[in-house]
Amino acid sequence: MASTTTGTTDPDPHSNATLTTPVTLGDIPMCGASPPAGAADAAAIVARIRANEPVTAAEIAALHLQEVGRAAELLRVSGGTVRNMVNRGELDAFRSGRRILVPLASITTYLARTYTPARSGTAAPAAA
């Protein structure tokens, strides 16, 4: 598995230790105890990672990275559809080889962007 440009010296993923040694995507928790980062916070963390600036393990945990299967469950689509959405740029994601991890903020941003409210004055279909 490929290493990222960041790492950790602290085994606790929720600490505020600055990352200094290489870490693979397998070392990053899929979910943390902290609330998920909002889209703006997630974008800021990703920008710092891309700029090779230090980030904390807690910041990475706050991204609440979802594997393709879990992202597909949340979006109620197939894993192939999630991969296609990432390839088209509809969802932000981290890649390591064939592995794709989607930040929860990317999923919620996509849902908010594609939300279509019901038209007022239209009744819901009657239950059978």
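Every number in this text was worked out from the coordinates using simple rules, so none of it is lab data. It should be emphasised that the depicted structure is a prediction, and the values quoted were computed from it without experimental measurement. Every residue, glycine among them, receives a Cβ derived from its backbone with ideal geometry; neighbour counts consider all protein chains shown.
Please tell me the relative contact order of the range 25-113 in percent, rounded to the nearest whole number, where contacts are Cα pairs under 8 Å and at least six residues apart. The value is 32 percent. Averaged over residues, the count of other Cβ atoms within 10 Å places the peptides 72-78, 89-95, 104-110 in the sequence 104-110, 89-95, 72-78, highest first. Distance between the modelled labels on R119 and L74, one decimal in nanometres: 3.2 nm (7 Å Cα→Cβ projection). A cut-off of 5 Å between modelled amide H atoms, ignoring neighbours fewer than 5 places along the same chain, links Q66 with V102, L104. Less than 5 angstrom separates the built amide H of L91 from those of V86, all sequence-distant by 5 or more or on a different chain. Here the Karplus curve 6.51 cos²θ - 1.76 cosθ + 1.60, taken at θ = phi - 60°, turns the phi angles of the range 107-114 into couplings of 5, 5, 5, 4, 4, 5, 5, 9 Hz, with x standing for Gly and Pro. 3J(HN,Hα) couplings calculated from phi for the range 45-55 with the Karplus curve 6.51 cos²θ - 1.76 cosθ + 1.60 (θ = phi - 60°) are, in sequence order, 5, 4, 4, 5, 5, 5, 8, 6, 8, x, 10 Hz; Gly and Pro show x. This ranking places T81, T56, T114 by how few other beta-carbon atoms lie within 10 Å of each, fewest first, which gives T114, T81, T56. Couplings 3J(HN,Hα) for the range 74-90, derived from phi with the Karplus relation 6.51 cos²θ - 1.76 cosθ + 1.60 (θ = phi - 60°), are 5, 8, 6, 9, 7, x, x, 5, 4, 4, 4, 4, 5, 5, 7, x, 6 Hz, where x marks Gly and Pro.
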